[in-house]
Every structure is written in C-alpha cells, then in structure tokens.
Amino acid sequence: MTKIRVNKVYTHLKRSKKKIVVEQGGTRSGKTYNILLWIIFHYCAKHTGQTITIARKTFPAVRSSVMRDFFDILKQHQLYNEDYHNKSNSEYILNGNLVEFVSLDQPQKIRGRKRDLAFLNEANELTFEDWQQIVFRTNGRIILDYNPSDSFHWIYDRVIPREDADFYQTTYQDNPFLDATIVAEIERLKQTDEHYWRVYGLGERGTNRAQVFQFTTYQQLPPQAKFLSYGLDFGFTNDPSALVACYQ
Ligand SMILES: Nc1ncnc2c1ncn2[C@@H]1O[C@H](COP(=O)(O)OP(=O)(O)O)[C@@H](O)[C@H]1O
Ligand SMILES: [Mg+2]
C-alpha cells in the first residue's frame, strides 16, 4: 500500500473516542478529503463486514463531490477494482466493507439498512429530521463536515453540545496541499467580504446579513441601561422555558 500524507482532520478521527465527530471549517481546509482517507486507510483497513454510509443532501451533489474524491483516492493509490464497484447502486466493497453513497432525498436508502459508520458531508444542508433518521440507524460513529455559513443551526444547538461529540475547527491554513493561487483567492475575502471571510476563511459561524439587530456581547449591563420589561417564552415538553429581561 502506498504511503499517504494526511492533515489534522485525519488525526482528529484517529484520536477521538467519541461517537460523534464534528468537523467545522472554512473552505478547503481538508475536511472531506481527510475524512475519506481515514475511512479508506484506517477504518476499512481495520474492519471488515461493516456498512459505511456517505451522505449528502442531494444525489447530484454526492456524485460530483464526495463520491468523486473517494474514487479518485482509490485510483490514485491503485486500490480501485471495477469488480467491487456497483455503479448503478453507487456502492463499493472495500476490504469486505460496504461503502454506500446516498442522498437524503432518497429516503428509502437512508431508512433502509442499518449502518456502522456514517459520514454526513456538508451536513448543514440537512434538516434536524434528516439527522434524526440517520442517528436512529447508525450503530457506530457519525462524522459531520460543513462550512458554518448559517448563524443558527441544529448542529450548533443539538449536536456540538452533546457529551458524546467532539468538535474540531480547521481552516485553509491547516491544509498544506493547497495551491498558492487558491490560498490567495481565499485571503482576498479579507478585503472584499467580511462575512465570507469569517465563514469560508476562518471557519467561524456566519452572522446573518438579514438580521435586524446587530449584537454586541457584554459581561455586565452598561450602567446607563434602562429596564423595560421581562419576556417569558413558555417551554413545552422537552424545550426549556426562557425568561429575558429587556433594557434600553
Ligand atoms: N491529505 C491530502 N492529500 C492530498 N491532497 C489533499 C489532502 N488533503 C486535502 N487535499 C487537497 O485539498 C483539497 C481541498 O480539501 P477538501 O477536503 O476538499 O476541503 P474541505 O472539504 O475542507 O473544503 C482537496 O481537493 C485535495 O486536492
Ligand atoms: Mg468538503
């Protein structure tokens, strides 16, 4: 087997002991590629007879991105064998493991067989309902990767805080395999678009441009703040109640 070069995303997966691994990052930080390397060279090398699902929201997106990278990596390392490739089902047998590429718009596949490992590529495109369906049918680990372009998301609220989840954040600076021209293109954003730079450069959560209020976070109330009223949002079943005090 040829020797592979990896970035820190691969190391996160190797080291993490948690069920869920969240890989948030800026554009081209090496998330997808190194998760695939880990699946091929670590997980599939150590296991056999497992089912691995690699999913994204739509099938055209799966085919043109993560599935293409997967087969490119196999071919580059002389591991690809056409006999193990079921093209009509987008499945591949690797060391006795079934690797299936699916999209969330094929519910029969997602709800079909149980799986041992799931990789949710660009997971921010999925709904919380999509996530729940996958969780119910995955025995082992679930890996998510995404650019945090949303300011609010179920991944932030319902996945990252879980005690069985590890969170990692990477940027293009963590990817030593990028061309200088791409790096320059990403760094241009610093000057041209503050929001894009935040999300795609730094891998930080986006701030919503359409937001009516601008936020500043204070540790203490400013002394001139004048109390207006309290507001109470009653929780229902699992959702907590929330009380806010409003000042001007
Ligand atoms: N370990 C690696 N070996 C070779 N090339 C890599 C490696 N990691 C990343 N790359 C290159 O960097 C590009 C961007 O990485 P990718 O994983 O697609 O970024 P992200 O998913 O974070 O946007 C890949 O298409 C690939 O060309
Ligand atoms: Mg990617």
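All of the numbers you see were taken from the coordinates with simple rules; none came from a lab. This structure is a prediction, so every number in the text was calculated from the model and none was measured. Glycine also receives a Cβ, built like all others from the backbone with ideal geometry; neighbour counts cover every protein chain displayed.
Working note: Karplus 6.51/-1.76/1.60 with θ = phi - 60° gives segment 9-25 the couplings 4, 4, 5, 4, 5, 5, 8, 5, 9, 8, 5, 10, 10, 9, 10, 8, x Hz, where Gly and Pro are set to x. Residues S88, S29, S64, arranged from fewest to most other Cβ atoms within 10 angstrom of their Cβ, appear as S88, S64, S29. Rg/Rh for the chain stands at 1.04; both radii use Cα atoms, and Rh follows the Kirkwood definition. For the chain, DSSP calls about 30 percent of its internal beta bridges antiparallel. Based on Cα contacts under 8 Å between residues 6+ apart, the chain shows a relative contact order of 25 percent. Start at zero, step by 10 Å, and the Cα-Cα distances of segment 85-151 spread as 18, 53, 25, 4, 0 percent across the bins. What angle, in degrees between 0 and 90 and rounded to the nearest 10, separates the Cα long axis of helix 66-76 from the longest principal axis of the Cα atoms of the chain? Tilt of helix 66-76: around 40 degrees. Under the combined filter of DSSP loop state and at most 13 neighbouring Cβ atoms within 10 Å, segment 152-212 retains these GluC sites (Glu not before Pro): E163. Based on alpha-carbon centroids, what's the gap between segment 49-77 and segment 1-45 in Å, whole number please? A separation of 14 Å, based on Cα centres. With a cut-off of 14 Å between beta carbons, the residues surrounding P148 carry a summed charge of -4, where Lys and Arg count +1 and Asp and Glu -1.
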